[in-house]
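Shown next, in structure tokens, is the structure this report addresses.
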Amino acid sequence: MTQPGGERRYRPGVGILLFDPRGLAFVGQRNDTPGAWQMPQGGIDEAEEPRAAALRELAEETGVRKAEIVGETADWITYEQPPELAARLWGGRYVGQRQKWYAARFLGTDTDIDLDAHEAEFDAWRWVEIEDLPG
């Protein structure tokens, strides 16, 4: 959880805010936590560019390949997990995550969404008003 020299380690990751043509945002219900809704997100592979990771994670978690990135956060967003959770997540190597978030325009139709396209993380999905996004 701490690098040599005492620096705290954060898992590099990306998040995707996917908008449909009506301006609604995609959320998926985690299959391991019923009632927990979130936007697609995940880790950045070794030597992978964050933008490429965002499109890969979007495809893996939702099946969506028809999307274009239209914006990104200027800075990385860093947060820490509670210590008891951090000890279990990611083999205890990280205290939290450092994420870059992307806004993407969905260019497909709802039939292009396939939660089983890869290892399913979501078991349900919906489009929601931005005000209704999970905290």
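The values are calculated or read from the model by the stated rules, or taken from the named source; none is laboratory data. None of these values were measured; they are calculated from a predicted model. Reconstructed Cβ throughout: ideal geometry from the backbone, glycine too, with neighbour counts over all protein chains shown. SASA here: full protein model, heavy atoms, side chains in, ligands and nucleic acids out. Shrake-Rupley method; radii C 1.70, N 1.55, O 1.52, S 1.80 Å.
Listed values, structure above:
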item	result
Failed item, numbered, when Lys100 is tested on (1) farther than 23 Å from Ala124 by Cβ; (2) open to solvent by 40 Å² or more (accessible area, probe 1.4 Å); (3) in a strand (DSSP E or B)	(2)
Residue count for the range 71-94, restricted to those that are over 18 Å from the mean Cα position of the chain (by Cα) and either within 19 Å of Leu18 (Cα to Cα) or open to solvent by 40 Å² or more (accessible area, probe 1.4 Å) (or both)	8
Residue check, Ala53 in contact with an Asp or Glu (Cβ under 9 Å, 6 or more places away or on another chain) and either part of a helix (DSSP H, G or I) or more than 25 Å from Pro21 (Cβ to Cβ) (or both)	yes
Pairs, first at pLDDT 95 or above in the range 71-83, second open to solvent by 90 Å² or more (accessible area, probe 1.4 Å) and outside any loop (DSSP other than H, G, I, E, B), C-beta under 8 Å, six or more apart	Glu72/Arg51
Search result, residues across the range 43-79 that are more than 17 Å from Gln97 (Cβ to Cβ) and polar (S, T, N, Q)	Thr62
Filter result (farther than 19 Å from Asp114 by Cβ, small (Gly, Ala, Ser) and either at pLDDT below 95 or outside any loop (DSSP other than H, G, I, E, B) (or both)) within the range 13-46	Gly13, Gly15, Gly35, Ala36, Gly43
Filter result for the condition that a residue is free of Cβ contacts under 8 Å to residues at least 12 places away in the same chain, open to solvent by 20 Å² or more (accessible area, probe 1.4 Å), acidic (Asp, Glu) and out of contact with any Asp or Glu (no Cβ under 6 Å at 6 or more places or on another chain), over Glu60, Glu68, Glu48, Glu129	Glu48
Checklist (1) open to solvent by 60 Å² or more (accessible area, probe 1.4 Å); (2) more than 16 Å from Gly42 (Cβ to Cβ); (3) in contact with an Asp or Glu (Cβ under 8 Å, 6 or more places away or on another chain) applied to Asp123, failing item	(3)
Output for the range 92-122, where each listed residue is touching a Gly at 6+ places or on another chain (Cβ under 6 Å) and on the phi > 0 side of the Ramachandran plot	none
